[in-house]
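Down below is the structure, laid out as structure tokens.
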Amino acid sequence: MIQQADNQAKIQIKNLRLRTYVGIKEEEIKNKQDVVLNLVILFDGTGAWNAEEIEKTLNYRTICKEVINFVEGTRFALLEKMTRDVLDLVMSHPEVQYASVEIDKVAALRFADSVSMTLQATR
């Protein structure tokens, strides 16, 4: 029998593309902009790989839907605040041991693909 090195499982949600209001300039306040989110979530996966039951794991679909509804339904002046709020939402799930949230504000600067903010939290 193969021994699992540890009990941590990692979920990555990559390039979640959303539209929201973010910024302080008049055009940013009036018009939704594209943002791209990348989430890394660590949790105890022992129950999932031992029982293969949805109740024994972290439901990433639920977290993703919460993030989508929150980001698309909220106005943000600062990218930093949006990133912190999304991180807090992910960490509100008690099963989450660690989370990293990176949000890219697409086309925020001339000559750059995006500007991003990354924050992490550990329980």
Where labels lie 7 Å past Cα in the beta-carbon direction, separation of Lys65 and Asp44 in nm: 2.6
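Taking 1 over the mean of 1/r across every pair of different Cα atoms in the chain, what Kirkwood radius in Å do you get?
Values: mean 1/r = 0.0643 Å⁻¹.
Value: 15.6 Å, from the Cα pair sum.
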GNM result for the chain, Cα springs below 10 Å: residue of Ile68, Ile103, Ile24 fluctuating most strongly: Ile24
Between helix 79-91 and the chain: long-axis angle, C-alpha atoms, 0 to 90°, nearest 10: 20
Sulfur and carbon atoms: percent of accessible area, the chain [1.4 Å]: 49
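Given charges of +1 on the Cβ of Lys and Arg and -1 on the Cβ of Asp and Glu, with all other atoms neutral, how large is the dipole of the chain about its Cα centre, in debye to the nearest 20?
Details: 16 positive and 18 negative charges, 83 e Å.
Charge dipole, the chain, about its Cα centre: 400 debye, nearest 20.
Accessible area per residue, 1.4 Å probe, Å², for the chain: what's the number?
Details: 7960 Å² over 123 residues.
Per-residue value: 65 Å².
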With DNA, RNA and ligands ignored, accessible area of Leu78 (1.4 Å probe; Å², nearest 10): 90
Within a Gaussian network of the chain (alpha carbon springs, distance under 10 Å), most fluctuating of Asp85, Asp113, Asp104: Asp113
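The values are calculated or read from the model by the stated rules, or taken from the named source; none is laboratory data. These numbers were taken from a predicted model, which means no experiment stands behind them. A quick note on method: Cβ atoms are made from the backbone with ideal geometry, for glycine too, and the neighbour counts reach across all protein chains shown. Calculation scope for accessible area: heavy atoms of the full protein, side chains included, ligands and nucleic acids excluded. Shrake-Rupley method; radii C 1.70, N 1.55, O 1.52, S 1.80 Å.
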